[in-house]
1. Going toward the positive end of the dipole of the chain, with +1 on Lys and Arg Cβ and -1 on Asp and Glu Cβ, which of 503, 651, 284 do you reach last?
2. List the DSSP H helices in the chain whose Cα atoms stretch 18 Å or more along the helix axis and whose mean Kyte-Doolittle hydropathy is at least 1.6.
3. DSSP loop (so not H, G, I, E, B), at most 14 other Cβ within 10 Å: list which chymotrypsin sites (Phe, Trp or Tyr not before Pro) in the range 552-616 pass both filters.
4. Would you mind checking 297/369; 464/717; 426/459; 464/712 for any pair whose Cα atoms are more than 21 angstrom apart?
5. Taking amide H atoms as placed 1.01 Å from N in the peptide plane, list the residues 5 or more away in sequence, or in a different chain, whose amide H sits under 5 Å from that of residue 503.
6. Give the percent of DSSP beta bridges with both residues in the range 402-601 that are antiparallel, rounded to the nearest 5.
7. Report, by chain and number, residues whose modeled amide H sits under 5 Å from the one on residue 225, excluding near sequence neighbours (fewer than 5 apart, same chain).
8. Please report the antiparallel percentage of the DSSP beta bridges confined to the chain, to the nearest 5.
Amino acid sequence: MKTILIPIAYLLTAFLLISCGQPSRDTQKPGKWQSYSGDKHIAQRVDSVLKLMTLEEKIGQMTQFSANWSITGPVMSDDFQPYLEKGLIGSIFNATSVEGIRRMQQIAVDSTRLGIPILFGQDVIHGYKTIFPIPLGEACSWDLALMQRTAEIAALEAASDGINWTFAPMVDISRDARWGRVMEGAGEDPYLGSKVAQARVTGFQGSGDGSRLDEPTTLLATGKHLAAYGAAESGRDYNPAELSEHTLRNVYLPPYRAALEAGVGTFMASFNEINGIPATADRWLLTDILREEWGFKGFVVSDYTGINELVPHSVARDEQHAAELAINAGVDMDMTGATYIKYLVKSVEEGRVSEKTIDNAARRILEMKFLLGLFDDPYRYLNEERARQNTMTPEFMETARKAVAASVVLLKNDNQILPITKESGKTIALIGPLMNDSINLNGEWAGLGNRNKSVPILKGLTEKYEGSDVKLLYAAGSTITETTQGKIAEAVSATRRADLIIAAMGEDFNWSGEAAVRTDIRLPESQRELLKALKETGKPIVLITLSGRPLDLSWEDENLDAILQAWFPGTQGGHGIADVIAGDYNPSARLVMSFPRNVGQIPIYYNQKYTGRPVDLSNEKIDYKSSYLDASITPLYPFGYGLSYTTYDISDVKLDKSSMKATNDKIIVTAMLQNRGNMDGDMVAQLYIRDLVGSVTRPIKELKGFQKINLKAGESKQVSFEILSEDLAFYGIDMKKKTEPGNFKLWVAQNSADNTNETDFRVEQQ
Ligand code: NOJ
């Protein structure tokens, strides 16, 4: 009987799909992923499938399993094969290669009752096979077009290899450098974070301009982790976030909202609790805010076993209760936890979950499958030839190399020791555990990037100086965590014939990312010992730091001549860093997270509140102020900071008028930028404001605009910014978002601590 039923039902599905017509091209247009609810054509087709489905099959669509080919969390004991064969899986993640994915898709399409295709997901975070700098590093480029392009390339490589959906971008605001996941986001600022979220979503999902719709070149994206995952207490992963609704709405939520406005198709609920309610069970967050207030039409996936974790979180009695809390809160798909497939039929029968809730969740997931074109051709992402053509192409390598150079932040450069040009004739001792390393370069969450193929810094520098008068000597001197007197002596002896030392040091790539938290964010002791021995040689020292977080570089800042923060730079790391060292690229990156003076200052961020007892920075010792006894309150390097091989000036900051109305008005700000040096370069002009009086306390400064401008040596250019009255809006005492009248300060600055060009304006009541 079963064998007869399957083909009949499948034919019926096919008939209904066909009778509703083929999708028009523009139904696959990624830019439309947010507006499909208005698309009657898709809605009809989804309904035609839903009508054929049993309750269990609908819940199957709401179930995702990991192929376990690359584990990104605790391994679940369930083998997903039986579910796959019964048509009870909506999505599989961590499956890789066209061949492997085709095998699974074939089972879903050919051997299940309704033949509904599977959605294949993957953590494509900062590249798939071509690995770009970690997102935190890349955000330091302040180059939105670049970030959009690297996301596009990552999507193209993955979509060519059978993947349809990425769990990125991570848009969590990060103010705590101990937290290992700061590496995945865009740092501490809601304005910049929102812009980066939009660029990355657009890159992954495609611009929707209709240019490449004939083949699947893009991925469905995920805004994660909703919400405030970055506000984990003590920086400890998965820890509670205790924060006011004002802070949640004014600081943490804007980047998720921006991702939504860029059309993101899915969101991932975060692991943490916010003010006592785990996000996965938070109906206020996932339904009231996300769907009703913001109008989100896509679907929400749990973060891995986030639903099962409601039990240890102590809000669910057991896994069935957990599944009920999650589905009723608004989580449409269970990632790997198998709670929905195990318990929700029973919960519906027992009346604790409505059939309508299940229908809505299944509908949202099926809609995405239609939009991706999977119902029309379940194999459209699977094409070996395309996978070969679209992998690690020379153009991708070139973009990756540029992205490295654009992400490296020059933190210190005394006596212009850098760059070291090919003509300099210098002899350089190259030292440090990360100098000849390829394994760590990709950083965490590096997709299928081949760690053995990333270009070590030593190789990059060797190729760069080949045939020139610059001579290179090399000795590691230590591993990341260990050294011996012998190794140190070897490194010191390599410096004897050298004019200067370049040391590549930092973290193991595993020390950042998920569940990778540090309470001591200095360089490991072995490396500090090595640096001290190098310092005793008296030779100038340039330090290249590789890390997934801001480090405490206080000793290094005091004792070394130059510091280049290179993050984890990815596949083309060595080449991009060599371009900066040799002066073929003038560093332009600016920090997106403050670097603390020591771990005790954390959390530290530029847009803090003033307090009732603000500190006078010219005399921090005055008693009874919000200061420290044993350190300054200022960071070692502030948000927005970074040096170049040239210096820039900002002058003539002018406003087209001194006041504007609280709604539908704007002020135009102009400023003159000048490159005062003898090298061309890119300058990041940053516009900050301070709202002097609010119905709730206001941050010391807030970024409200920025522009990255190319200036030739000696060149001046005028830059202009537009401040709309809406740009000044915030959630005030009544928890409504609006612009409050009053006086504002404004700066066009080179970093968040630069007060040189200050002016003011007023916002009037209507
Ligand atoms: C857990 C992580 O928190 C999330 O970011 C990731 O997408 C999933 N695991 C899947 O790997």
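1. Result: 651, furthest along the dipole toward the positive end.
2. Flagged H segments are 2-19.
3. Passing both the DSSP loop test and the Cβ count: 610.
4. Numbers: 297/369 14 Å; 464/717 33 Å; 426/459 18 Å; 464/712 24 Å.
Too far apart for the 21 Å limit: 464/717; 464/712.
5. Residues meeting the criterion, in which the H sits 1.01 Å from N, are 431, 542, 543, 544.
6. The antiparallel proportion sits near 15 percent.
7. Counting only residues 5 or more places away or on other chains, the set is 171, 172.
8. 55 percent
The values are calculated or read from the model by the stated rules, or taken from the named source; none is laboratory data. The shown structure was predicted, so the numbers you read here are calculated from the model rather than taken from an experiment. Every residue, glycine as well, gets a Cβ built from its backbone with ideal geometry; the counts of neighbours run over all protein chains shown. Ligands, DNA and RNA are excluded from the accessible area calculation, which covers all protein heavy atoms including side chains. Shrake-Rupley method; radii C 1.70, N 1.55, O 1.52, S 1.80 Å.
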